[in-house]
1. What residue among Q268, Q160, Y188 has its Cα farthest toward the positive end of the dipole of the chain, where the charges are +1 on Lys, Arg and -1 on Asp, Glu, each on the Cβ?
2. Explain nothing, just the number: dipole magnitude of the chain about its Cα centre with +1 on each Lys and Arg Cβ and -1 on each Asp and Glu Cβ, in debye rounded to the nearest 20.
3. Pop the C-beta distance of W68 and Q252 into the FRET formula with R0 = 30 Å and round what comes out to the nearest 0.05.
4. With n ≥ 4 as the cut-off for DSSP H runs, can you work out [θ] at 222 nm for the chain, using -39500 (n - 2.57) per run divided by the number of residues, rounded to the nearest 500?
5. Does the stretch 319-366 come out rounded, prolate or oblate by the C-alpha gyration tensor, with a ≥ b ≥ c the root eigenvalues, rounded set by a/c under 1.5 and, if not, prolate when a/b is larger than b/c and oblate if not?
6. Please report, for the Cα atoms of the stretch 26-122, the Rg to one decimal and the Dmax as a whole number; what are they, in angstrom?
7. Apply 1/(1 + (r/R0)^6) to the Cβ-Cβ distance of T95 and K165, taking R0 = 30 Å, and write down the FRET efficiency to the nearest 0.05.
8. Using only the Cα atoms of the stretch 273-366, build the gyration tensor, take square roots of its eigenvalues as a ≥ b ≥ c, and label the shape rounded, prolate or oblate: rounded if a/c is under 1.5, else prolate if a/b is larger than b/c, else oblate.
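Derivation of every value follows stated rules applied to the coordinates shown; laboratory data play no part. Note that this is a predicted model, so its numbers are computed, not measured. Using ideal geometry, Cβ is built from the backbone for each residue, glycine included, and neighbour counts are taken over all protein chains shown.
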Amino acid sequence: MKKKKILWLTWKDKKNPLTGGAEIVNEELAKRLVQDGHQVKLIVGGYTGAEAREVIDGYEIIRVGGRWTVYWQAYQYYQKHLKGWADLVIDEINTVPFFAKFYVKEKNILFIHQLCREIWFYQMFFPLNWIGYIIEPIYLRLLNDIKVITISNSTKQELQKLGFKDIQIISEGIEIEPVDNLDTITKYPNPTILSLGSIRAMKRTKDILQAYNLAKQSIPNLELLIAGDSNDPYGQEFLQEIQKSEYKKDIQYLGKVSKQKKIELMQQSHIILVTSVKEGWGLIVTEANSQGTPAIVYDVDGLRDSVIHNQTGLVCSTNTPANLAQNITKLFSDQKLYAKLRQEGHKFSKTITFEQSYKDFIKIIN
């Protein structure tokens, strides 16, 4: 197999303060590409205190511009330093594409974890939210003749509606090892639900608090743990909502936690709740499953892929705090169902590996 030079365009890397699951996947794949003898360069946006160039696990990260200027500066950097260098250019769409198709001479493909669509209305202010929502399908149709790699059937179906034909799905992967034996896990003494991840509008964390307030009426000793960054305005509003809850003494906000603490929370909590507007996959669900904790999620793209309803977790029939609360009550009152979801979720999590992700990925790019 011919070893390739791969240029990867994406707006942030794993060290970026705004990093998420997509960046973990990207760099796990990049690391494995290098281990396999390929050369990989990522052009990404910079951030305060970032090094302009850095080599991590053998792949090179080149940081130019910022959140919105990276697209233009990546084009300029390519023209000046990397034109003709690569065998393959990966144009990753994370909100906005780099439109590499229109200026690179090399073979190029798209990598799309998820589309924005509804997220524009949660994370952007008027009128930019409407502008983003309207133009997204327009610019995607300009690119629909290119091969696409994505990570879920939900995203594939969205892309097909936009005229994309050549769409390949790769497995996701998780950073943490699944526990060997669920019997070794000790749960908190009281029934405990967990919210884990950044507290932003598109995550709809307020819905989790509202669901907790409702479920608490049926389960008096129910507790809520919340871990994640709360720095943006929505996060600050959420912290104020906790203080207004009549059950605030049974709610703990832990802030942003370490990887070890995250694992501890996932092992000891009984249920994790995920209420995002949409996800590429929902890595936090699979990670929690790997540690013996089933999820209750909203029925949205990505989450309906990472949860098999009534087998590995529960998918809400309506995306409301009331239905979320009903499912919380249902799961705590049906121990047989709870045990089944734990076992099946744990088993499913073992199939979601970066080794499989890389096998899928390398097969496509070859």
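1. So the residue we want is Q160.
2. Magnitude of the dipole: close to 620 debye.
3. FRET efficiency, W68 to Q252: 0.25.
4. -11000 deg cm²/dmol, from helical runs alone.
5. Taking the square roots of the gyration eigenvalues as a ≥ b ≥ c, the stretch 319-366 is oblate.
6. For the stretch 26-122, the Cα-based Rg and Dmax read 13.9, 43 Å.
7. After rounding, the FRET efficiency stands at 0.85.
8. Since a/c reaches 1.5 but b/c is at least a/b, the shape of the stretch 273-366 is classed as oblate.
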